[in-house]
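The values are calculated or read from the model by the stated rules, or taken from the named source; none is laboratory data. Every value quoted in this text rests on a predicted model; they were computed, and no experiment measured them. Note that each Cβ is placed from the backbone with ideal geometry, even for glycine, and that neighbours are counted across all protein chains shown. These area figures cover heavy atoms from the full protein model, side chains too; ligands, DNA and RNA do not enter into them. Shrake-Rupley method; radii C 1.70, N 1.55, O 1.52, S 1.80 Å.
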Amino acid sequence: MTTHLIRTRTLLAGAALLLAGVPTACATLAEADSAAPERGAPYIETQLFFGTARPDGGAAVTDRQFMAFVDREVTPGFPDGLTVQSGRGQWRDVGGRIEKERSYELILLYPVGQAPASDRKIEEIRRAYEKEFGQEAVARVDERARVDF
């Protein structure tokens, strides 16, 4: 046999051994996941991302201005709680420029049954921020979650 043929058979045999273990590994992970107790109630987690740079070149939104906005526009609709995190973000604006800015992430948790009413409130929050601070957009991410307090 040629050296090339021996190498090819060796590689194929090694690949077969690796692949033979894949179903077992996946089954073991699936069994572990199903054995984990399911906790909490079904909720929706919404993350909103607020930029602070103003497209018109005006002064950036300050911490004080943002927290006053949260107190006025967010807390009344979500009095049970929320989380605000500071960050740095970037995105491509409507003109095609990459904008880098200080930003805030607002995290809201609400029961699935309250999703229609919460959706309306969240859209009002997004529009209010865009209007008040001259923003092109407020990004939104929604995910299902199980929550236990």
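What to note about this one:
- Residue, farthest from THR62 (Cα to Cα), within region 122-132, restricted to residues that are open to solvent by 80 Å² or more (accessible area, probe 1.4 Å) and out of contact with any Asp or Glu (no Cβ under 8 Å at 6 or more places or on another chain): ARG127
- Answer residue from region 93-105, given it is assigned to a strand (DSSP E or B) and modelled with pLDDT of 90 or more and is farthest from ASP63 (Cα to Cα) among those: ILE98
- Within region 37-68, the set of residues being in contact with a Ser or Thr (Cβ under 9 Å, 6 or more places away or on another chain) and of a type in the set (Ser, Thr, Tyr) comprises THR46, THR52, THR62.
- Count of region 99-121 residues, restricted to those that are open to solvent by 40 Å² or more (accessible area, probe 1.4 Å) and more than 21 Å from ALA41 (Cα to Cα), is 5.
- Residue within region 107-115 that is among the polar types (S, T, N, Q), over 24 Å from ARG54 (Cβ atoms) and within 20 Å of the chain's Cα centre (by Cα) present: yes
- Qualifying residue in region 57-70 (condition: more than 22 Å from PHE149 (Cα to Cα), among the acidic types (Asp, Glu) and in a helix (DSSP H, G or I)): yes
- Single match in GLY96, GLY57, GLY81 (criterion: on the phi > 0 side of the Ramachandran plot and either touching a Leu at 6+ places or on another chain (Cβ under 7 Å) or open to solvent by 60 Å² or more (accessible area, probe 1.4 Å) (or both)): GLY57
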